[in-house]
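Worksheet: one structure, shown below.
Please treat every number below as a calculation from the coordinates, not as lab data. No experiment lies behind these values; they were computed from the predicted model shown. For neighbour counting, all protein chains shown are included, and Cβ atoms are generated from backbone atoms with ideal geometry for every residue, glycine included.
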Amino acid sequence: MSVPLIDAAGLRAAGRAPAVPFVITLADGQLLTMLRLLRVLPGKRIVGEAEFGGARVLAKLFVANGSERHWQQERAGIALLHGAGVPTPEILAASAVAGGGHVLLTAFHAEAESLATAWSDVRDCAAGSDGAMKVLSPALIMLARMHQAGVVQEDLHLGNFLRTADRLLVIDGDSVKDFGRPLAAAEAADNLGMLLAQLPAAWDVARSTLLANYREAGGISGFDEVQLQAVIDKVRDWRLKDFLGKSVRDCSLFSVERNATRFSSVWRESADWLGPLLHDPDVALEKGVRLKSGNTCTVARVQVDEREVVIKRYNLKSVGHALSRFWRPSRAWHSWREAHRLGLFGVATPTPLALIEERLGPMRRRAWLVTECCPGLSLSDHLSADQEPPAAEASAIATLFATLHRLKISHGDLKATNLLWHAGRIWLIDLDATTQHRSAAAYRKAWRRDRERLLRNWPENSVLGRWLQAKLPPA
């Protein structure tokens, strides 16, 4: 079968999913065959595994009109890294391509693993644990080295570090900046905080360990943990606002459709297999295993394409109720956002997969929320009132509520059935009333209610009740 020849204009028109393999012609007439896509920014950039001159390479295609600037920035950034002695894949070719685009080819490390992938295997470990630090330490050591060399990666995340059998590589030259001198303390804190802000919020308690690791590798001094935490909080707030905005608009992560009668948002990677359910969620809900039937909501566990999901439909119990909900975001909308908020902070909650709202123009009616199914046991079934929690459960409970307390997040309905024990963590469900408070006073009031509701799950004078009284953050 012949492989189609395409130019940059054709790739711009191909959108999110250009068909592979395809061949593109470089300015000198040589051919590049793209074999596998790794990342696509529609109409702008395509990154993938390719074949060039009989060898495997990593190809970055810059296909947007006016793409030369980003292509040049990528080349310059890689040169800066090389000049500073920072390991990065070497450039094999840089060229214009037919149709108005450009390409940069670098060495392809088939055995390399991104630190983001490695982190996904250990992110649920306790903050500061040896297994997790084994993943993070090479990045902190590399940052220390870069900061002393006056080079920073301004789009800093674990996905921009690749580890091979013998070394760590820094990638994405487009975002590399040269300060021409070792970084000042504030500059180093800003860059280090950008990375640490992407760890689960429970890792805030390991801040001193992380900072010590960076300093021991020769990192910049002159800032302390308080300054670093201020940067982490600032970056975390920005990332949260950005992500919540993306969760309700069409982008690379989410597929959003809206018209006069319906709004829907779904994780793009789940859109295909969820398609039949999204078309008519009520049919799927009726076929599922009913978990709750009520005037205000109906919940069922549903099998979809060999996956279990939970559908929650928010009902309108009367005309008055419908009128009161018309102009407000639905409870499904609120739960969708709060689930993404918790997920971004690293707090365990079933992944929100899709949000659907019935609408009449700007007015909202019924709504549905689809999440992954957490198979865990509720704490009411898992814990005994007659004894303290086992060590793992005790640690998870303390970590969860300490984290929520630092973030000023209240749940709003801490029944034991809304707390599930699964895979060594406490999972929060039923987020209809979950709120992150800006005011410390408002949070204290909400936490008092949450704490009282949690304690009412077990007799006040029981062993478990007394343990919770002692271990939970004070009211």
With a/c under 1.5 counting as rounded, go ahead and sort segment 95-185 into rounded, prolate or oblate using the C-alpha gyration tensor (a ≥ b ≥ c being the square roots of the eigenvalues; past the cut-off, prolate if a/b is larger than b/c, else oblate). oblate
Quick one: net charge around Ala416, please, counting Lys, Arg +1 and Asp, Glu -1 for every other residue with C-beta under 10 Å from its C-beta. +2
In µm²/s, what is D for segment 113-238 at 37 °C and 0.692 mPa s, where D = kT/(6 pi eta Rh) by Stokes-Einstein and Rh is the Kirkwood radius from Cα pairs? 226
Based on the Cβ-Cβ distance of Ala260 and Val23, what FRET efficiency does E = 1/(1 + (r/R0)^6) give at R0 = 41 Å, to the nearest 0.05? 0.40
In segment 102-155, what trypsin sites (Lys or Arg not before Pro) fall in a loop by DSSP, with at most 16 other Cβ atoms inside 10 Å? Arg123
Given the rule -39500 (n - 2.57) for each run of at least 4 DSSP H residues, summed and divided by the residues of the chain, what is its mean residue ellipticity at 222 nm, to the nearest 500 deg cm²/dmol? -11500 deg cm²/dmol
Sorted from fewest to most neighbouring beta carbons within 10 Å, what does the list Thr117, Thr434 look like? Thr117, Thr434
Relative contact order as a percentage, segment 136-209, C-alpha pairs under 8 Å and 6+ apart, gives 35
In units of 2.2 N^0.38 Å, what is the alpha-carbon radius of gyration of segment 377-471? 1.03
What helices does the chain hold that run 27 Å or longer along their axis, going by alpha-carbon atoms, with a Kyte-Doolittle average of -1.0 or more, using DSSP H for the helix calls? 130-149, 225-246
10 Å Cβ shell holding at most 16 others, DSSP loop, GluC sites (Glu not before Pro): longest site-free stretch of the chain: 307-459
Output ordering of 435-443, 158-166, 343-351 (per-residue mean of other Cβ within 10 Å, highest first) is 343-351, 158-166, 435-443
How charged is the neighbourhood of Cys297? Take every other residue with its Cβ under 9 Å from the Cβ of Cys297, and add Lys/Arg as +1 and Asp/Glu as -1. +3
Shape call, segment 232-382: gyration tensor on alpha carbons, a/c limit 1.5: rounded
Under the Debye formula (equal points on every Cα, no solvent term), log10 I(q)/I(0) of the chain at q = 0.10 Å⁻¹: -0.91
Taking every pair of distinct Cα atoms and averaging 1/r, then inverting, what Kirkwood hydrodynamic radius in Å comes out for segment 198-294? 17.7
In the neighborhood of Arg207, defined by Cβ-to-Cβ distances under 11 Å, what is the net charge if each Lys or Arg adds +1 and each Asp or Glu adds -1? -3
